Amino acid sequence: MSKNRSTLTPRQLALRCAEYADNKKAENILILDVRGLTSFTQYFVIASGTSEPHLRAISDEITERLNHEFGIKPIGVDGTINSAWVVLDYDEVVVHLMRPDVRERYDLEGLWGDAKRVKPRRQTRSKSNTKQN
């Protein structure tokens, strides 16, 4: 029997989002614990995708897996099919999926620099360790 929303803590939800993003080869996955820094959410999951289709694949993986496995649907989604920045709002967890140039421009990591970083379950790929020689 799968867990339902009430048995998945916000931290577990953030870890799942990071795991599902990693399944689709998202890059530079970061989880920020923003509890105490903001009142609208508890965790940010930030990840990069190489193109709009890649961002869409990551977004689809997260939304479909959370819905199928836990019956959890986002309360809001922002960003279009061809967007360079997609936001999935799960209330306690907000997922930001961006192309690297957009991520660098808006620098959410810097903006939320006081947030604690949560280590994802698996080693996530960065741009430097995904290139093959």
So which of 47, 57 is at pLDDT 95 or above, small (Gly, Ala, Ser) and not in a helix (DSSP H, G or I)? 47
Give me the residue from the stretch 24-44 that is in a loop (DSSP other than H, G, I, E, B) and among the aliphatic types (A, V, I, L, M) and, out of that set, surrounded by the most Cβ atoms within 10 Å (Cβ to Cβ). 26
Residues that are touching a Gly at 6+ places or on another chain (Cβ under 7 Å) and among the acidic types (Asp, Glu), drawn from the stretch 21-70: none
Restricting to the stretch 9-23, what's the tally of residues that are surrounded by fewer than 20 Cβ atoms within 10 Å (Cβ to Cβ) and of a type outside the set (D, E, K, R)? 4
Take the residues in the stretch 86-110 that are without any contact (Cβ under 8 Å) to a residue 40 or more places away in the chain and over 25 Å from residue 12 (Cβ atoms), then tell me which one is surrounded by the fewest Cβ atoms within 10 Å (Cβ to Cβ). 110
Could you check how many residues of the stretch 58-78 are crowded, with 17+ Cβ neighbours inside 10 Å and more than 14 Å from residue 46 (Cβ to Cβ)? 6
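The values are calculated or read from the model by the stated rules, or taken from the named source; none is laboratory data. The structure displayed is predicted, hence computed values, not measured ones. So basically every Cβ, Gly included, is an ideal-geometry build from the backbone, and we count neighbours across all protein chains shown.
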